[in-house]
Amino acid sequence: MSHFETAQRLWAPWRMEFIQAPKEPGCFLCRIAGGGPDQDAENHVVGRRGTALLLLNRYPYNGGHLMAAPLRHVATLAELAPEEMRDLMDLVCRGQRLLDGVMRPEGYNVGVNQGAAAGAGLKDHLHVHVVPRWEGDTNFMPVLGGARVVPQALADACAALRAEWERAGN
């Protein structure tokens, strides 16, 4: 095997759990929302606020990639009640403040992929992505190998963000 062939592999054994796990029926955000605070740590929920929750993305674009989602199963922003919109946007802002305190990003991508045509992997339950960014955080891996390197385990990131949530008195 040549050096070039070896360089085409990314060793990430923790991903095997996701690959081999049976596909979850129904909506995972509804399951997590209904699970309650006693199951939040295992579901990587950072915090809840009224009608919405803030959690780490299990398939992140970047380390610390958060999602804010309404508890109610709705597909579009237009379907949200005013209270749900307020709670959702409050958690987007709180998520940025938490990430500022824990990871110190230099910028953010914040967005909604509404519908499959817009790239939504979960098209029926609205969620807002909060992706921390740093200068130079995109390197050769996504360009050459179609892979991203996320340097921190989800459980570790979740524990740090939950601690910051508590420290900040949320």
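The values are calculated or read from the model by the stated rules, or taken from the named source; none is laboratory data. None of the values given here were measured: they were computed from a predicted structure. Backbone-built Cβ (ideal geometry, glycine too); neighbour counts: all protein chains shown.
Within the stretch 79-125, can you find the residues that are acidic (Asp, Glu) and not in a loop (DSSP other than H, G, I, E, B)?
The first filter runs over the stretch 79-125 and keeps only residues acidic (Asp, Glu), leaving 79, 83-84, 87, 90, 100, 106, 124.
Matches in the stretch 79-125: Glu79, Glu83, Glu84, Asp87, Asp90, Asp100.
Mind telling me which of the residues His129, His125 ends up being at pLDDT 90 or above and either over 13 Å from Gly63 (Cα atoms) or in contact with a Leu (Cβ under 7 Å, 6 or more places away or on another chain) (or both)?
On the way: His129 fails: either over 13 Å from Gly63 (Cα atoms) or in contact with a Leu (Cβ under 7 Å, 6 or more places away or on another chain) (or both).
Step by step, each of His129, His125 is checked, and only His125 is at pLDDT 90 or above and either over 13 Å from Gly63 (Cα atoms) or in contact with a Leu (Cβ under 7 Å, 6 or more places away or on another chain) (or both).
Rundown of residues vs (1) over 20 Å from His125 (Cα atoms); (2) aromatic (Phe, Trp, Tyr); (3) at pLDDT 85 or above, yes/no style:
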| position | (1), (2), (3) |
| --- | --- |
| Gly50 | no, no, yes |
| Asn62 | yes, no, no |
| Ala68 | no, no, yes |
| Gln96 | yes, no, yes |
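Filtering the stretch 1-41 to residues that are assigned to a helix (DSSP H, G or I), modelled with pLDDT under 75, among the aliphatic types (A, V, I, L, M) and within 29 Å of Val74 (Cα to Cα) leaves only Ile19.
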